[in-house]
Protein chains: 2
Amino acid sequence: MAEKLSMESKPSTEQDRLDELCVNTIRVLAMDAVEKAKSGHPGLPMGAAAMAYVLWTQFLRHNPSNPQWANRDRFVLSAGHGCMLLYALLHLTGYDLPLDELKRLRQWGSRTPGHPEHGLTPGVEATTGPLGQGFGNGVGMALGERYLAATFNRPGHAIVDHFTYAIVSDGDLMEGVASEAASLAGHLKLGKLVYLYDDNHITIEGDTSLAFTENVSQRFEAYGWHVQEIDGNDLNAVTQALATARAELDRPSFIRARTHIAHGSPNKQDTAGAHGSPLGAEEVRLTKEALGWPLEPAFHIPPDALHHFREAVKRGQAGQAQWQTRFDTYASAFPDLAKEWNDILQGKLPAGWEESLPAFSPQEASMATRQASGKVLNAIAPRLPALIGGSADLSPSTNTHLKDFEDSHLSTRGRNFHFGIREHGMGAILNGMALHGGIRPYGATFLVFSDYMRPSIRLAALTKLPVIYVFTHDSIGLGEDGPTHQPVEHLAALRVIPHLVVLRPADATETAAAWRIALEEWNRPVALILTRQKLPVLDRPASDDFVSRGAYVLADTGTKPLQVILIATGSEVSLALEGRKLLEANRIGTRVVSMPSWELFAEQPQSYREKVLPPAVKARLAIEAASPFGWRQHVGEEGDILGIDGFGASAPGPVVMEQYNFTAENVAARAEALLERRSPKTARKTKRKG
Amino acid sequence: MAEKLSMESKPSTEQDRLDELCVNTIRVLAMDAVEKAKSGHPGLPMGAAAMAYVLWTQFLRHNPSNPQWANRDRFVLSAGHGCMLLYALLHLTGYDLPLDELKRLRQWGSRTPGHPEHGLTPGVEATTGPLGQGFGNGVGMALGERYLAATFNRPGHAIVDHFTYAIVSDGDLMEGVASEAASLAGHLKLGKLVYLYDDNHITIEGDTSLAFTENVSQRFEAYGWHVQEIDGNDLNAVTQALATARAELDRPSFIRARTHIAHGSPNKQDTAGAHGSPLGAEEVRLTKEALGWPLEPAFHIPPDALHHFREAVKRGQAGQAQWQTRFDTYASAFPDLAKEWNDILQGKLPAGWEESLPAFSPQEASMATRQASGKVLNAIAPRLPALIGGSADLSPSTNTHLKDFEDSHLSTRGRNFHFGIREHGMGAILNGMALHGGIRPYGATFLVFSDYMRPSIRLAALTKLPVIYVFTHDSIGLGEDGPTHQPVEHLAALRVIPHLVVLRPADATETAAAWRIALEEWNRPVALILTRQKLPVLDRPASDDFVSRGAYVLADTGTKPLQVILIATGSEVSLALEGRKLLEANRIGTRVVSMPSWELFAEQPQSYREKVLPPAVKARLAIEAASPFGWRQHVGEEGDILGIDGFGASAPGPVVMEQYNFTAENVAARAEALLERRSPKTARKTKRKG
């Protein structure tokens, strides 16, 4: 392939000279920053600089002065290790990222961490690094754009109309999460999605031929993408390919661009050594010489190049201004829509939306919390146009279908997404929808399969994205499907993820409250953990905030002194209530604490926590059909935990629950054993304090 | 497409009649068993019965009398929800699975759980159900076969020579883990891998066109597979396709077989309703009528059909006997190899193998535990031919390359696998290698990316497979790569998986011991958690079993009474030792407990546990650069945990560690605060007891 910008080539015109200068500026900044940081990834930025330059200066509609402009094109660097490409572009095109920050690459407190972090650095649209995630995020952004456009645009008024671009690497394309998202993007015909594949033939272990010899282009054609193959260093070819991709509105576009890792480095280009290590002072020198670059100072930016890049500022301001004019006209014509649009973007829920939340009564028939969740979701959806989502081929089981709304593969206004049996792709897409803004996405699967999407959940938590997960079939209580489908360790595994709120409601009423909490959380993801099996709707003291406090006293001892506290979550709360009856019948003062969320409870003031779990009451039994891991913090050294060691088993749910000792009799017996274990003196003391 | 076996067709010959009878026997058994269980998946077994019948009666070399025969063909039902297909075949072909067990489908204590469980039911080669996993398992089995054949076969002596078959569903093919494994299988040209795709067009949410419209055949061609498309109910077409697939030894084979879910059911065939629910008594009746089947009794097996299926018993015994003759000849010619083969299959490590384990001395330079692990691995590999593995494109970082051995993509004897950036595929393939037998597989990636392969780890644990995971870069101490790459919650998330042993060695010596433990575990997976950063080689009392007991006293208070216990793992152990110095200098009697494995420690007798952590010593500080989640069980109510709340940050490792308060000074201060918090009286009491 022709290598127009390789060091041997001669610039033929002034524009060519300027282009080469600009591309090399990116290369040198990446090389110098990694060198100064003494760690990082110089190779990708140097190899992908040319195509990124074309994209950012000729195609990307963005406003460096306002990275929040709603109708900007989105750009995701899925290969996040190449962060210096992005930081260089952000600095050069005029974002609030001073050169000093590039000099502090990978240092404590800088805005230039080792992988791009959304929310930390202006203009970074997604936190990337774990491969394949950014690929899926882009699909989610394009879906967000498509839905909002279909929902808010009116004939002659295209207020939502932007593209989503990404640079993806061979690592992204090997990851299954990207395969899942790619198949879905093709299925949904996301014509405004354009991906550049940085095909540099190098991975950490060496040449991609070690492990990756499939026909990538053919695979993407099989997914239904429009595929082009180009020389990624041929600026004209990149320009032409991007123009063609933008014109192709019926299919997502995949541009396979042959590049060379560490392009321009005389000894390290095309080697694995340039992937994740500084080039070294000597090679940096040789590269600068080869590029005709001044050896000093480091971080040199030619004024011509900077001037050319910085045209993005004015172009961006003008672009947003034009859009604002269009929007104002739209707002005059459709004031209600415009207000709704503004609210949705700011994450405001419509006033009074919570009135649509259904109320459940203890007189109602038993219902699984997944059923209650389905009722809630369908009741609130009409009031919340931002709420869209679906399941990984389990909507009849997770009760997440919005009955009054269309399917997304049949209508761009469709709010029901059939993600297919692609939990991980779903997770990455949900993150992309949330990153886009204007969307409150939810995604559903069985709790046991939260494992499949765990890397995406982690990124939602790290990025503080308001994604809602609906995880049903939440314990061995699901029964016959057996241990492959029965979660045991998943509650603990989710609770340990920082910034993730896990809510396991005990009945329909708590489920409605949990949905309310989830929707009012704008700064972190929430996982709703729901049963397959039916549960009674519980009688409880009227209160607005029983679930939002994480734990509360659901039933207390009556006239008897408090001796035992039963702490339970979800389906085990009604079991605890049954156990309490037996204990109270044995004249043992028993409190039942429903604890739907450890995280919310931990955020309460100590006074509240001690009111619910008085420190003096040491006889505490936690009841949860899951691993006991972590419960010790709530029951204390002298407490006990009725949980599950090992895996589940296949049999009807009630049989499994009984075989695993989740019976009222066992609850009472374990609680009584706690009292017996304590010395009579202590026990009396407890009584007095209670 | 022709539907040779559809209910309207007329048998033209006696063989055709018998074939139809046999196929319908499978269908009816599946239908009746699910009906009796009142739950399950009748649709897949009914739809795939014809092709499974051809495979099992004409191609599969197996010995129902000895499901352990080493050279049997492997068969994986990746779509595990169709378990009744497998149970029916196992019963009919004469495995030790009586009809009564089929009648107890999905009941407590039966050998016919809701999804197939390896180890529970004879003839079940893999635990399946979580989709995509079985697909990857088959790839691992084929790799196991290929490696063992290359290693043990000699010209004229093919003692390892079998095929690996699977039936996979659209759900499997949508999952990213299968995409990853498929790409790798094509790359490695696994010619003895043959997959039948049960293309029945139906998922739980409805027609596959809801979410899955990609060109699957083209995708598999892109991966480098040999692809055929057939009518899955045309027995001749299935026969021909399987024969062609077996003859194609340069590429894995993908046979896309159009089938019809719930084939034969007049009203439920081709509907989503037949996927995961019983057909219902009336529809069962109608189906039996349509198939010309007696309505009573349920579970009717025509004697002709049973006789035909049961020919597998004699055929299998004869097949194994022939193989045994071949093996005996081989054993005469190559007695050493034959012994090695027998040992390897029984999971015996060669006598004296542990002598190859390197010893490390406190006089040596500091080294990361990943480096120590690399030294150990390379030292023991020549003695352990069963030990093969690799990494998900991180071998230079995880130190898992076996320097003296070839690459698997260059030689079938290669022991180094380049899994590519496909952690999940790697996990499923490792499971398949372990399931095959004769292999001790290991796989490596960064600890943070254990999330990507978590569903496979869970299945390894559930199936008690001796897979070894090498997870390096195990904390914020990895530094610059930042929070996307810094594990925080992963230690807890792995510890909570039942049957998984997590080992986080503190230095090179513990690393060697950890490898020894891992290799001697034949009944469960082990995860080794290793540092990126260098650590001193610690001085410690000589002992054989310090790591195998999970926790031990590494350094104790000298003449002073014991006041404080510092409990640490991995890189924080040397920090604890530094903290101890400060405390002892302050005249505070301090013990340091290294706790490389919670699981192994929990298995020790109480007396040992209390020796290490005397109950009377309440001032305990746990130190681990990870989430504190779960540590309360070791430090007690009055103890403290120096851990990490929230995520990490990008900066050089030592800076991050310091910013997160992992310093000797802080360790000492937190420990002293524990003593101060306790009343003087209590503190004195503790002193006395210590």
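The values are calculated or read from the model by the stated rules, or taken from the named source; none is laboratory data. Remember, predicted model here, so these are calculated numbers, not experimental data. Ideal geometry is used to build each Cβ from the backbone, glycine not excepted, and the neighbour counts take in all protein chains shown. With ligands, DNA and RNA removed, areas are computed over all heavy atoms of the protein, side chains included. Shrake-Rupley method; radii C 1.70, N 1.55, O 1.52, S 1.80 Å.
What quantity of accessible surface, computed with a 1.4 Å probe and excluding non-protein components, is buried in total between chains B and A, in Å² to the nearest 100?
It comes to approximately 8300 Å² buried between B and A.
Considering every residue in A:445-452, what mean count of other chain Cβ atoms within 10 Å of its Cβ is obtained?
What the average comes to for A:445-452 is 4.
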Axis-nearest residue of B (beta carbon) for the B-onto-A rotation, whole Å: B:G176, 1
Teacher prompt: B:L18 distances to equivalent labels in other copies, 7 Å Cα→Cβ, nm: 8.3
Residue among B:L554, B:T569, B:W631 farthest towards the positive dipole end of region B:530-675, charges placed on Cβ: B:L554
Computed magnitude of the charge dipole of the protein assembly as shown (debye, nearest 20; Cβ of K, R +1, Cβ of D, E -1): 4620 debye
Cross-link pairs A:K534/B:K268; A:K534/A:K581; B:K38/B:K103; B:K103/B:K288 - those with Cα-Cα distance over 23 Å: A:K534/B:K268
Gyration tensor (alpha-carbon) shape descriptor, the protein assembly as shown, a/c threshold 1.5: rounded
Cα long-axis angle, helix A:664-677 against chain A (0 to 90 degrees, to the nearest 10): 80 degrees
List of region A:208-230 residues, accessible area with partners at least 50 Å² below that of the chain alone (1.4 Å probe): A:L210, A:A211, A:E214, A:Q218, A:A222
Computed over region A:374-441: relative contact order in percent, which uses C-alpha pairs under 8 Å that are six or more apart: 34 percent
Pairwise Cα inverse-distance average, inverted: Kirkwood Rh of region A:132-266 (Å): 15.5 Å
Linear extension gain, A:D539 paired with A:N66, 0.36 nm per residue minus alpha-carbon span: 165.2 nm
Calculated over region A:493-607: convex hull of Cα atoms, volume per residue (Å³): 120 Å³
Computed over region B:308-360, the ratio Rg/Rh where both radii use C-alpha atoms and Rh is Kirkwood: 1.27
Cα gyration tensor shape for region B:533-594, rounded if a/c is under 1.5, else prolate or oblate: oblate
Computed log₁₀ I(q)/I(0) - Debye formula, equal Cα scatterers, no solvent, region B:1-133, q 0.09 Å⁻¹: -0.25
Label point 7 Å beyond Cα of A:A321 along Cβ direction - residues of region A:28-62 with amide nitrogen under 18 Å: A:61-62
Between helix A:235-247 and chain A: long-axis angle, C-alpha atoms, 0 to 90°, nearest 10: 50 degrees
Carbon/sulfur fraction of accessible area - region A:17-317, other protein chains in place, 1.4 Å, %: 50 percent
Within the accessible area of region B:566-690 (1.4 Å probe), percent carbon and sulfur: 47 percent
Members of region B:172-192 that become less accessible by 50 Å² or more once partner protein chains are added (1.4 angstrom probe, chain alone as reference): B:M174, B:E175, B:H187
Relative packing of peptides A:141-149, A:214-222 - highest average C-beta neighbours within 10 Å first: A:141-149, A:214-222
Kirkwood-based shape ratio for chain B, expressed as Rg/Rh from alpha carbons: 1.05
log10 of Debye I(q)/I(0), alpha-carbon scatterers only, for region B:244-301 at 0.23 Å⁻¹: -0.89
Principal axes of region B:328-387: Cα extent on each, largest first, Å: 52, 17, 17
10 Å Cβ neighbours from other chains, averaged over peptide A:109-117: 5
Enclosed volume per residue, in Å³, of the convex hull spanned by Cα atoms of region B:440-482: 66 Å³
Three-way shape call for region A:552-678 based on the alpha-carbon gyration tensor, with the a/c threshold at 1.5: oblate
Unit Cα scatterers, Debye sum, region B:17-317: log10 I(q)/I(0) for q = 0.06, 0.14 Å⁻¹: -0.17, -0.99
Size descriptor, Kirkwood hydrodynamic radius, that averages inverse alpha-carbon separations across region B:353-529, Å: 16.0 Å
Proximal aspartates and glutamates to B:K36, defined as alpha-carbon separation beneath 18 angstrom and excluding residues fewer than eight positions away on the same chain: A:E480, A:D481, B:D100, B:E101, B:E282, B:E283, B:E296
Shielding by partners, peptide A:642-655 (average Cβ within 10 angstrom, other chains): 4
Alpha-carbon centroid distance for the pair region A:641-660 / region B:251-321, whole angstrom: 32 Å
Cα-Cα P(r), region B:66-109, percent of pairs per 5 Å interval: 5, 19, 25, 26, 18, 6, 1
Degrees, to the nearest 10: B:281-291 long Cα axis against longest axis of chain B: 50 degrees
